[in-house]
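Visitor: Sharing a structure with you now.
The values are calculated or read from the model by the stated rules, or taken from the named source; none is laboratory data. Keep in mind that this is a model prediction, so the values were computed, not measured. Methodologically, a virtual Cβ is constructed for each residue, glycine included, from the backbone with ideal geometry; neighbour enumeration extends over all protein chains shown. Calculation scope for accessible area: heavy atoms of the full protein, side chains included, ligands and nucleic acids excluded. Shrake-Rupley method; radii C 1.70, N 1.55, O 1.52, S 1.80 Å.
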Amino acid sequence: MDKMLIVGGVPLRGTIPINGAKNAALPLMALGLLSDQPLVLDNVPTLADLTTMELLLSEIGSVIKRVGKKVAIYTPSIKSFEAPYDIVRKMRASILVLGPLLARCGRAHVSLPGGCAIGARPVNFHIDGLRALGATIEIENGYICANVPGGKLTGAEYTFPNISVTGAENMILAASLARGETCLKNVAIEPEIGDLLDCLQAMGVQVEGKGTPTVRIQGTESLSGAFHKVMPDRIEAGTYIAAAIITCGEVELENINISLLPTFVDALRNAGATIEPLENDKIYVSMSGKIGPLSIETSPFPGLATDLQAQLMALLSVSSGESVIVENIFENRFMHVCELARMGAQISVSGNRAHVTGVEHLSGTSVMATDLRASTSLVIAGLAARGETIVSRLYHIDRGYESIEKKLSECGAIIKRVREGEAHTASGTNKKIAG
Ligand code: EPZ
């Protein structure tokens, strides 16, 4: 397994291009199942999760071609209505094929995702919502076994008991080929859902309420093909903002609009960072001195994204005071705390609340990534720590960050990926491990 070696203490300086959003690309790819015409997506990053989605869609019947950042998905017919456990266990977002399969062929057999490192993550809203559209669903042998009597879903009203991002996406996808109108209430307003609705409109579906908690979809007989550019990755951008601030650096992020990070940017400005929009979807970030402490809590958009909580914790672990971070979305998303503590961070956790006492400096050591965002919090901590940090289990990072070491080293960071079987130092000496 690859490892990342980082020698901390170098301020980041330079320009960082932001990719298309993983969490927008995943439902957009699943949308490719709904049409027998080609859907061409642009600005698709190269990430392990998207490769997993490509594999799943190919097994279901899509023909997929990638050229650079463009991915064409063509699904003339559905060959298999199954999402097997072996794929779903690797990537929970595989659940996004459930709605499209039911809508297109009236049948789906999708493994239950089960829990994961950040929490139990049930999919009951997906199941209840699809039942409201007329599907009959049983759970058998760990699988969601779903059928649509008569073969076609029927538009209906469904109110989400709580905000769910992929829950909303599954319902929106299913409603697009249902008979009549579907009205969804208490819908997540994450920008990635708006991106999905834009693409659906381009494919001929009538949609009302984009960016609001009530979305109406007029189901249609068939969807046309379309060309769609995937929106930028706000979580990748927030990660690099935190990295620039912790190193007292000065960077420009390209291809990202500041409006995608409202609460995150406000909080960091209040703590002393300079973060300003520039023309043509760029963001300027600079910091001198220590970041101030913050009292923050995660919540659905436009609140502070849970996907940026770990990165903020790394940053606040060297703040000038006492911070409080409350995690409201996932019950187990503090796995990075023990690893940050190994680097000298002072963090105590009580339930969903973490108290972070800023320390003078972190010190490098070996740490282990536990999930995707936790892994980048360790990289951020390593960029500021004294000495060398070695982050293992990099496959977590590869699920969501394309070329992270390249982007950071181009801004001056001393960071290097070490392939299995090699011993390296971040500054460049390599030795083969004997045997
Ligand atoms: C999406 O996950 C993202 N994944 C996550 O990104 C992100 O952390 C999360 O939304 C919250 O913003 C993708 O978009 C592919 P939810 P999702 O359904 O949709 C509970 C990353 O690092 N819930 O919005 O699975 C659930 O347990 C990640 O890129 C139910 O109770 O999250 C959680 O407490 C990981 N029943 C809350 O709702 C349901 O049926 C929000 O979950 C569904 C959800």
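Visitor: Working with all protein chains in place, sort Cys411, Cys116 by solvent-accessible area computed with a 1.4 Å probe, largest first. Spell out each step's value before the answer.
Guide: Details: Cys411 5, Cys116 50 Å².
The ranking, largest first, comes out as Cys116, Cys411.
Visitor: Ranked highest first by the average count of other Cβ atoms within 10 Å around their residues, in what order do 334-342, 95-103 fall?
Guide: On the way: 334-342: 20.3, 95-103: 27.4.
Ranked from most to least packed, the peptides come out as 95-103, 334-342.
Visitor: Let me know the Kirkwood hydrodynamic radius for segment 309-366, please, with Cα pairs as the basis and the value in Å to one decimal.
Guide: Final number for the Kirkwood radius of segment 309-366 is 11.3 Å.
Visitor: Taking all protein chains as present, what is the carbon and sulfur share of the accessible area of the chain, in % to the nearest whole number, probe 1.4 Å? Before the final figure, lay out each step's value.
Guide: Values: 8240 of 16700 Å².
That share works out to 49 percent.
Visitor: Same structure again: Please report the spacing between the Cα centers of segment 124-160 and segment 210-257 in Å, no decimals.
Guide: 29 Å
Visitor: Given H placed on each backbone N at 1.01 Å, which residues far from Lys282 in sequence or on other chains put an amide H within less than 5 Å of it?
Guide: Residues meeting the criterion, in which the H sits 1.01 Å from N, are Ile256.
Visitor: Which distance in nm do the two modelled labels at Asn141 and Val63 give, with both placed 7 Å along the Cα-to-Cβ direction?
Guide: 3.3 nm
Visitor: Search the structure for amide H atoms under 5 Å from the amide H of Leu223, placed 1.01 Å from N in the peptide plane, and list their residues when 5 or more places away or on another chain.
Guide: Answer set, sorted by chain and number: Asp36.
Visitor: Please compute the per residue accessible area over segment 1-117 with all protein chains in place, 1.4 Å probe, rounded to a whole number of Å². Present the calculation step by step, with values, prior to reporting the outcome.
Guide: Numbers: 4080 Å² over 117 residues.
Computed with neighbouring chains in place, this is 35 Å² per residue.
Visitor: Roll a 1.4 Å probe over the protein chains and send me the accessible area per residue for segment 152-219 in Å².
Guide: Details: 2340 Å² over 68 residues.
Per residue, segment 152-219 has an accessible area of 34 Å².
Visitor: Does segment 110-244 classify as rounded, prolate or oblate by the C-alpha gyration tensor (a ≥ b ≥ c root eigenvalues; a/c under 1.5 gives rounded; else a/b over b/c gives prolate, otherwise oblate)? Let's see the in-between values first.
Guide: Values: a/c = 1.91, a/b = 1.18, b/c = 1.63.
Oblate, since a/c reaches 1.5 and b/c is not below a/b.
Visitor: Per residue, what accessible area does segment 292-435 have, given a 1.4 Å probe and all protein chains present, in Å²?
Guide: Details: 5860 Å² over 144 residues.
Per-residue value: 41 Å².
Visitor: In the chain, what percentage of the DSSP-assigned beta bridges are antiparallel, given to the nearest 5? Working shown, then result.
Guide: Details: 60 of 83 bridges.
In the chain, approximately 70 percent of DSSP beta bridges are antiparallel ones.
Visitor: Once Lys and Arg get +1 and Asp and Glu get -1 on their Cβ, which of Ala25, Thr365, Leu50 lies farthest toward the positive end of the dipole of the chain?
Guide: Thr365
Visitor: Using only the Cα atoms of segment 273-312, build the gyration tensor, take square roots of its eigenvalues as a ≥ b ≥ c, and label the shape rounded, prolate or oblate: rounded if a/c is under 1.5, else prolate if a/b is larger than b/c, else oblate. All intermediate terms of the calculation are to be shown ahead of the outcome.
Guide: Details: a/c = 2.70, a/b = 1.23, b/c = 2.19.
Taking the square roots of the gyration eigenvalues as a ≥ b ≥ c, segment 273-312 is oblate.
Visitor: Below 8 Å, C-alpha to C-alpha, sequence gap of six or more: please give me the relative contact order for segment 274-396 in percent. Please list the in-between numbers first.
Guide: Numbers: 245 pairs, mean separation 27.4, N = 123.
The normalised contact order for segment 274-396 reaches 22 percent.
Visitor: Nearest 500 deg cm²/dmol is fine: what mean residue ellipticity at 222 nm does the chain get from its DSSP H runs of n ≥ 4 alone, each adding -39,500 (n - 2.57), divided by its residue count?
Guide: After summing the helix terms and dividing by the residues of the chain, the value is -8500 deg cm²/dmol.
Visitor: Moving to a separate point now. What does the charge dipole of the chain about its Cα centre add up to, to the nearest 20 debye, if the Cβ of each Lys and Arg holds +1 and the Cβ of each Asp and Glu holds -1?
Guide: Numbers: 39 positive and 44 negative charges, 151 e Å.
Dipole of the chain, to the nearest 20 debye: 720 debye.
Visitor: How do 209-217, 307-315 rank on mean C-beta neighbours within 10 Å, highest first?
Guide: Values: 209-217: 16.7, 307-315: 27.8.
Final packing ranking: 307-315, 209-217.
Visitor: Let me ask something else. Connecting C-alpha atoms closer than 10 Å in a GNM of the chain, tell me which of Ala120, Ala384, Ala83 has the biggest fluctuation.
Guide: Looking only at Ala120, Ala384, Ala83, the largest GNM fluctuation is found for Ala120.
Visitor: In this model, which of Lys22/Lys406; Lys152/Lys210; Lys22/Lys407 are farther than 23 Å apart at the alpha-carbon? Intermediate values should be presented prior to the final figure.
Guide: Numbers: Lys22/Lys406 18 Å; Lys152/Lys210 25 Å; Lys22/Lys407 17 Å.
From Lys22/Lys406; Lys152/Lys210; Lys22/Lys407, over 23 Å: Lys152/Lys210.
Visitor: Can you list residues whose amide H is under 5 Å from Ile16's amide H, if they're 5+ apart or on another chain and H is modeled 1.01 Å from N?
Guide: Glu252, Leu253, Glu254
Visitor: Please report the spacing between the Cα centers of segment 265-317 and segment 1-73 in Å, no decimals.
Guide: First find each Cα centre; the distance between them is then 25 Å.
Visitor: Still on this structure: Sorted by packing (mean other beta-carbon atoms within 10 Å per residue), highest first, where do 374-381, 36-43 land? Can you show the working numbers first?
Guide: Working: 374-381: 29.9, 36-43: 18.9.
Packing order, densest peptide first, comes out as 374-381, 36-43.
Visitor: Is segment 22-101 best put as rounded, prolate or oblate by its Cα gyration tensor, with a ≥ b ≥ c the root eigenvalues, rounded for a/c under 1.5, and otherwise prolate when a/b is larger than b/c, oblate when not?
Guide: Here segment 22-101 falls in the oblate category.
Visitor: Now for a separate question. Rounded to whole Å, give me the distance from the Cα center of segment 88-112 to that of segment 322-357.
Guide: 34 Å
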